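Notes follow once the structure below has been shown.
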Amino acid sequence: MSTARPVELIRALGVLAEMPAPEHADIASALGLPAPPSGSEWADLFMFQLHPYASVHLGAEGMLGGDARERVAGFWRAVGRTPPKEPDHLVALLGLYAGLLDEASESSSARGALVFRSAQALLHEHLSPWLFAYLGRVVDLGGDFHRAWGALLREVLSTEAARPGGPETPATHLAEAPALADPRSGNGPDFLAGLLAPVRCGVILTRADLARVAAWADLGLRAGERRYVLEHLLGQDPVAVMRALADLARDAAAGHRADPWAPPDVAAFWAGRAAASAELLTELAAEGARAVVLSGDAS
Amino acid sequence: MSHDELNRRVSAARSETEARGETFYPGPSRVHLAAYPPKERWLDWVELDSRSWPERVEKRYTLVPTTCFNCESACGLLAYVDRDSLQVRKFEGNPEHPGSRGRNCAKGPATLNQIVDPDRILYPLKRVGERGEGKWEQVGWDEALDDIAGRIRTAMVEERHDEVMYHVGRPGEDGFTTRMLAAWGVDGHNSHTNVCSASARVGYNFWMGMDRPSPDHANADVILLVSSHLETGHYFNPHAQRVIEGKKRGAKLIVFDTRLSNTTTHADHWLATYPGSEPAVLLAVASWMIRERKYNRTFVERWWNWREYMTEVHARPDASFEDFEVALEEAYAEYTFDFAAAEAGIPADTIRQVAEVVAGAGTRFSAHNWRSAGSGNLGGWQVARSLTLISALLGALAVEGGTYPSGWNKYVPKPPRSPKRHPRKWNTILWPEEYPLAMHELSFLMPHLMRERGGYVDTYFTRVYNPVWTNPDGFSWIEMLTDASKIGLHVAMTPTWNETAYFADYVLPMGHGSERHDLTSYEQYDGQFIAFRQPVLRTARERMGEKVTDTRQVNPGEVWEENEFWIELTWRIDPDGSMGIREFFESRKHPGQKMTVDEYYGWIFENSVPGLPEAAASEGLSALEYMRRYGAFEVSRKIGPVYEQPVPHDELDDVHVDHEGRVYTRAPVPESPRAAGSNRLEPDADGRRRVGIKIDGDVLKGWPTPSGKLEFWSRTMAEWGWPEVATPTYVRSHVHPSKLDRDQMPLLSTFRVPIQIHTRSGNAKWLDEIAHTNPLWIHPTDAGRLGIEKTGDLVRVETEIGHFVVKAWITQGIRPGVVACSHHMGRWKPEGQPGQRMSMATVALGRSGDTWSLEQKQGGGAFMSDDADTMRIWWTDVGVHQNLTHAVHPDPVSGMHCWHQAVRVRRAEPGDRFGEISVDQEKAQAAYARWLGMTRPASRHSPDGTRRPYWMARPVRPEREAYDLPSPPPVTEAEPAGVE
């Protein structure tokens, strides 16, 4: 393993997650990546399927903002920087990581060591906990460019995460993430929200996944946000939808377990959450009771 | 390839690119997730049809941007045009619009209601009975155009240019119409501004030489709003979203508002000031800052015209800055917290707390006053003067987080063929000599001035404007409009029926926001942008390959847009070009043919908007195609303190620096793609033009004021008869307690509701359902005192000229001792006339001697139409037209109508009916005469024999000679009372 840090590579990979601009062609070429995608492809992936925000994947609500974003913003402040408008966006986080590594290399040894530890903390606390699971889905769903980009980025970050000296305690986002609620105890709405919160259910459920569920179960797919779509799928045939979701969760658990890139504790966390979700969804499907599952909330 | 090797390669590529002076990375701010269709897909956007569910039926749209035409915020809209039916299905926000950034209030999406309104006017109509009788016939555009053009042509041939008048509500466009009027050579531009914002404009203008504020709320640490800007302000939505951004950053919000508005609910400090006392509070804050030396001394010393003040007011030309500080402290010593507390009815400690917050803001202090207190009160222009005093003490002007002047945050591009001509005749009805310092036309006095001075307007256009309803004293307007000896021909250009159109000779149907071309730019943040309004169905059809040459081909019925109308009218006024007018609307590409709107805007976008052609070319588009596709373009951002910019070397030729440091040059004005500014600063004695100001040895651009600096003391005001108010001071309002009888209260009549905008939004069913009436806000203690038992009880509100009957709303949300009634409601149509059935009451107008009356015969209600929703209208109460009972109150300095009313409120009398109105015209004329008596006319006070300071802007500026008064001014005599 090289001791030099690939700072410019990380920075460049971050920039390539922005909306495509003419400059991206030269960056991609330097990295040996396919030609950058069209704006439409980019929007499909990052605006409709996989939102590149830590808060979406680590927050208990599965949405932008909330405590997860506040935690990330707090990190920016802790390292003496003003949080940008979207502090938890992948581009912002990779830019910050590269910037901290740059600063560490340019500082005196004592200051450099401090900044370097900040960079490690950023990787451990705010990037690794979600990015490997996320990039796995990018590689699944993306076109040529994004498949290659996602694969390269997770390789690079895997190497970074494997460097010695990182924190030994679990990332706070993961340690404090609530588990998926059981609707049989009366909180159907919370259960539904949890299915759309990756950190709770261990599955990144995209629009494309919901479309596949609808097609598999031969159900109507309503246009709208994911929760709206999911509610209406469940409203049509809860048993079939639960089964399909259970299958997705089982596949996700297997994928996390076999993930060669994520740190072992992170992979284990995601695999455990996905397996638990699969088990719960299977039980619910077997019980087949709309009233129990949805608590009358989703029809 | 290893990561190290990739790292080396990308580092090398970066170094190589940057060594060429180019940018390797495209820059930040490109990552934000937004809930908008990505612009790459606007041409062909697919959504599932909600009505077809559970079937998955795809609907294909082409998304066409335009600009909202409801309020002056002019936010960006995105029309979803169904590609199959070519109908607009909905409007959402345009994320490419730099001002509104994709966000809209309810009025934007409700444009859909307006374009399919079953009661809208679809064809040109001509009166066939007496004016106001309600008999109309449909005519062709050609007939109307020929008739109108013929009259105008005759007036011009007979040198009666001042008998042509164009009276506009909110213009919603930059430059087209003023260019046309300049081409016509008529001094007939008449705005609504003196019933709107003129007061604030005067206050800002005499400080900065620019008449509107552009507060940078998003970056402020302290935001001070005089009134409810967060919900209904001038640039409501663009500013509101930035106020909230500022608050999210931790900014403190201070709100002065007599009502518990939505804005006050967001305030950290809410001051429910007694109406008109706002300057007293602001001056107390300033006074404390001055006493405690909590102001930016460096800025004040550098940029205030304090030397001029010390020389002219204290006769101390050699005074030091420290001497000025002493004088300043003395000048404001009387404005203590206790003084302000007594005037405003706010505890002194509260005002002190606010002062401490304000003083702690440093330069990150953004502030805004527009209508409200400014437009309500005698001397209301001192609200903006006093507010700017605080900004100027802090140095919080044209810096990040501060307040910018409008001119630096707005971009008006130069049009093709700018007429270099000015009207030769001064219009004395619009600009009477009694108001030399008014920023705008004395439009609301027109009926009185016409009556008193024998005025006559041969052709009078009301353009999307409704003075009978909007202005005070509407019965005087009806009298004027129905008098053929005063108005020869009245042409009402309007998309919908309004109270003024009933008294027209022609009613011409004009387009809504998605049916017309206009170009706009507004000062909404620290940047400059242009936005395009366009007929969206025309653009949609052109995307499908059709050729559209006239907007009437795509608009409903025969609805037209103004640009094409004016071009056609101008050609008919001057058919052979012999009058020298037609040339300004001739094609440059095809001489002898009419200029098209494509050519007009295409030329502007290609030649007058820096960066736009390049941005368009990068996408393979022409500049016009780019604007048709995206609807807006940001010209620049982060303008910063222009006044500190050095004057370029090549503009300094044979320079003369006068004793006040003003720098004059013989270098010509450099070519600029921007339209020329409106101020005309005087040249030096040798004819050199003013180019800047010398500060500490540097020649800087400074401020566009006569002194080149911020004018704490206004020489203009002092020399034109108002020396006692030439610095920011407190003028007691006409509704000050000392001027009211014991049984009178102030009535706030100007406040908006966020979902309506005067008469313009009255044909939007979604908005009408939310807000359709205007009860009288009254505090429980007042209601108890007056015997008003419950909300909904009828009350009679008596003004100085009449009364109206309205329902009471008993609420804690109004300061005790004050009542309020929103002015948005109370629309009406005379019996037998067409009109908006969901928002207008049917009324009987009556006159007996000097007394006019209005009686509501029927409220709103359900009706059959093509729109099933019109059968679901559940409301009948559409409010009361209170403005009819308001006398004119022209402020003697600003010319602004002072809207607040001194009223008596009592329980309705037996026989009083809801909506009833009665007005005594004799009293209305007496009120006009009383307020006119407070003026100081130019004929007695002009320092140079002219009608008006030449440096001050005018929409269509007459030639220099027209400024001369007809005879030399006599010696000044004893003064009338004036303002105290």
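The values are calculated or read from the model by the stated rules, or taken from the named source; none is laboratory data. In this text the structure is predicted, and so the values were computed from the model without any measurement. Reconstructed Cβ throughout: ideal geometry from the backbone, glycine too, with neighbour counts over all protein chains shown.
For segment A:37-104, the helices (runs of 4 or more DSSP H) that sit wholly inside it and include 1 or more residues that are at pLDDT below 95 and closer than 16 Å to A:TRP130 by Cβ are A:66-78. For segment B:897-956, residues that are part of a helix (DSSP H, G or I) and in contact (Cβ under 8 Å) with a residue 24 or more places away in the chain total 13. Candidates A:LEU101, A:LEU58: the one that is in contact (Cβ under 8 Å) with a residue 60 or more places away in the chain, within 13 Å of chain B (Cβ to nearest Cβ) and either of a type outside the set (Phe, Trp, Tyr) or closer than 23 Å to A:GLY224 by Cα (or both) is A:LEU101. Within segment B:653-665, the residues that satisfy the criterion of being surrounded by fewer than 17 Cβ atoms within 10 Å (Cβ to Cβ) and either more than 36 Å from the chain's Cα centre (by Cα) or modelled with pLDDT of 95 or more (or both) are B:ASP653, B:ASP654, B:HIS656, B:VAL657, B:ASP658, B:HIS659.
Figure legend. Inter-residue proximity from segment B:338-366: first residues under 16 Å from B:PRO275 (Cα atoms) and at pLDDT 95 or above, second residues buried (at least 23 other Cβ atoms within 10 Å of the Cβ) and acidic (Asp, Glu), beta-carbon distance below 9 Å, spacing 6+ or different chains. Indicated pairs: B:ALA344/B:GLU278.
Flag not set for B:ALA267, criterion: under 30 Å from A:GLY74 (Cα atoms), within 24 Å of the chain's Cα centre (by Cα) and of a type in the set (Gly, Ala, Ser). Of all the residues in segment A:212-233, those that are more than 14 Å from chain B (Cβ to nearest Cβ) and either on the phi > 0 side of the Ramachandran plot or crowded, with 21+ Cβ neighbours inside 10 Å (or both) number 2.
Within segment B:36-54, being facing another protein chain (nearest Cβ under 7 Å), part of a loop (DSSP other than H, G, I, E, B), surrounded by 14 or more Cβ atoms within 10 Å (Cβ to Cβ) and not hydrophobic (A, V, I, L, M, F, W, C) holds for one residue alone: B:PRO38. The residues of segment A:1-10 that are more than 7 Å from chain B (Cβ to nearest Cβ) and part of a loop (DSSP other than H, G, I, E, B), listed by number, are A:MET1, A:THR3, A:ARG5.
One residue stands out in segment A:130-141 among those that are crowded, with 18+ Cβ neighbours inside 10 Å and over 15 Å from A:LEU94 (Cβ atoms): the one that is farthest from the chain's Cα centre (by Cα), namely A:LEU141.
For B:TRP304, the conditions (1) out of contact with any Asp or Glu (no Cβ under 9 Å at 6 or more places or on another chain); (2) surrounded by fewer than 24 Cβ atoms within 10 Å (Cβ to Cβ) are fulfilled apart from (1). Scanning segment B:34-86 for residues being touching a residue at least 60 places away in the same chain (Cβ under 8 Å) and of a type outside the set (A, V, I, L, M, F, W, C) gives a total of 11.
Residue-wise test of (1) of a type in the set (Asp, Glu); (2) over 20 Å from B:GLU564 (Cβ atoms); (3) in contact (Cβ under 8 Å) with a residue 12 or more places away in the chain; (4) not in a loop (DSSP other than H, G, I, E, B).
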| position | (1), (2), (3), (4) |
| --- | --- |
| B:MET579 | no, yes, yes, no |
| B:PHE584 | no, no, yes, yes |
| B:GLY592 | no, no, no, no |
| B:LEU621 | no, yes, no, no |
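Regarding A:ALA262, is this residue closer than 15 Å to A:LEU195 by Cα and either touching a Phe, Trp or Tyr at 6+ places or on another chain (Cβ under 9 Å) or in the same structural domain as A:PRO170 (by TED's automatic domain parsing) (or both)? Steps first, please.
Details: closer than 15 Å to A:LEU195 by Cα: no; either touching a Phe, Trp or Tyr at 6+ places or on another chain (Cβ under 9 Å) or in the same structural domain as A:PRO170 (by TED's automatic domain parsing) (or both): yes.
Criteria not met by A:ALA262.
Kindly evaluate B:TYR460 against the criterion of being touching a Lys or Arg at 6+ places or on another chain (Cβ under 7 Å), among the aromatic types (Phe, Trp, Tyr) and closer than 23 Å to B:GLN921 by Cβ.
Working: touching a Lys or Arg at 6+ places or on another chain (Cβ under 7 Å): no; among the aromatic types (Phe, Trp, Tyr): yes; closer than 23 Å to B:GLN921 by Cβ: yes.
Considered against the rule, which asks whether it is touching a Lys or Arg at 6+ places or on another chain (Cβ under 7 Å), among the aromatic types (Phe, Trp, Tyr) and closer than 23 Å to B:GLN921 by Cβ, B:TYR460 comes out as no.
In the set B:GLU724, B:GLU660, which member is charged (D, E, K, R), closer than 30 Å to B:HIS314 by Cα and part of a loop (DSSP other than H, G, I, E, B)? Explain how you work it out, then say what you get.
Working: B:GLU724 fails: part of a loop (DSSP other than H, G, I, E, B).
Only one candidate qualifies: B:GLU660.
The sole residue among A:ALA262, A:ALA278, A:ALA244, A:ALA252 that is under 27 Å from A:LEU123 (Cβ atoms), at pLDDT 95 or above and part of a helix (DSSP H, G or I) is A:ALA252.
Within segment B:87-146, being closer than 23 Å to B:TYR502 by Cβ and of a type in the set (Ser, Thr, Tyr) holds for one residue alone: B:TYR123. Applying the condition of being modelled with pLDDT of 90 or more and more than 7 Å from chain A (Cβ to nearest Cβ) to segment B:3-26 and asking which residue is surrounded by the most Cβ atoms within 10 Å (Cβ to Cβ) yields B:ARG8.
How many residues does segment A:201-223 hold that are under 19 Å from A:ASP190 (Cα atoms) and either touching an Asp or Glu at 6+ places or on another chain (Cβ under 8 Å) or outside any helix (DSSP H, G or I) (or both)? Walk me through it before giving the result.
Here is the first cut: in segment A:201-223, the ones under 19 Å from A:ASP190 (Cα atoms) are A:201-206, A:210.
Filter once more, so that each one left must be either touching an Asp or Glu at 6+ places or on another chain (Cβ under 8 Å) or outside any helix (DSSP H, G or I) (or both): A:202-206.
Here the count works out to 5.
Sort through A:LEU205, A:LEU230, A:LEU192 and tell me the only one that's more than 19 Å from the chain's Cα centre (by Cα) and among the aliphatic types (A, V, I, L, M).
Answer to the check: A:LEU230.
Among the listed residues B:ASP257, B:ASP268, which satisfies the condition of being over 30 Å from B:LYS694 (Cα atoms), of a type in the set (Asp, Glu) and out of contact with any Ser or Thr (no Cβ under 7 Å at 6 or more places or on another chain)? Spell out the reasoning first.
Working: B:ASP257 fails: out of contact with any Ser or Thr (no Cβ under 7 Å at 6 or more places or on another chain).
From the options B:ASP257, B:ASP268, the qualifying one is B:ASP268.
Inspection of segment A:244-262 finds a residue satisfying the criterion of being of a type outside the set (Gly, Ala, Ser) and within 14 Å of chain B (Cβ to nearest Cβ). Just one of the numbered conditions (1) over 31 Å from the mean Cα position of the chain (by Cα); (2) touching a residue at least 60 places away in the same chain (Cβ under 8 Å) is not true of B:ARG170: (1).
Can you report the number of residues in segment B:102-138 which are out of contact with any Leu (no Cβ under 9 Å at 6 or more places or on another chain) and either part of a loop (DSSP other than H, G, I, E, B) or charged (D, E, K, R) (or both)?
Pass one, segment B:102-138, residues out of contact with any Leu (no Cβ under 9 Å at 6 or more places or on another chain): B:103, B:105, B:112, B:114-120, B:122-123, B:126-130, B:133-135.
Imposing the further condition that a residue be either part of a loop (DSSP other than H, G, I, E, B) or charged (D, E, K, R) (or both) reduces the set to B:103, B:105, B:116-120, B:122-123, B:126-130, B:133-135.
Of the residues in segment B:102-138, 17 are out of contact with any Leu (no Cβ under 9 Å at 6 or more places or on another chain) and either part of a loop (DSSP other than H, G, I, E, B) or charged (D, E, K, R) (or both).
Selection of first residues in segment A:11-36 that are more than 16 Å from B:ALA13 (Cα to Cα) and within 7 Å of chain B (Cβ to nearest Cβ) and of second residues that are surrounded by fewer than 22 Cβ atoms within 10 Å (Cβ to Cβ) and polar (S, T, N, Q), restricted to Cβ pairs under 9 Å at least 6 apart or on distinct chains, gives an empty result. Being basic (Lys, Arg) and farther than 15 Å from B:HIS189 by Cα is the filter here; which residues of segment B:425-475 pass it? Of everything in segment B:425-475, those that are basic (Lys, Arg) and farther than 15 Å from B:HIS189 by Cα turn out to be B:ARG451, B:ARG453.
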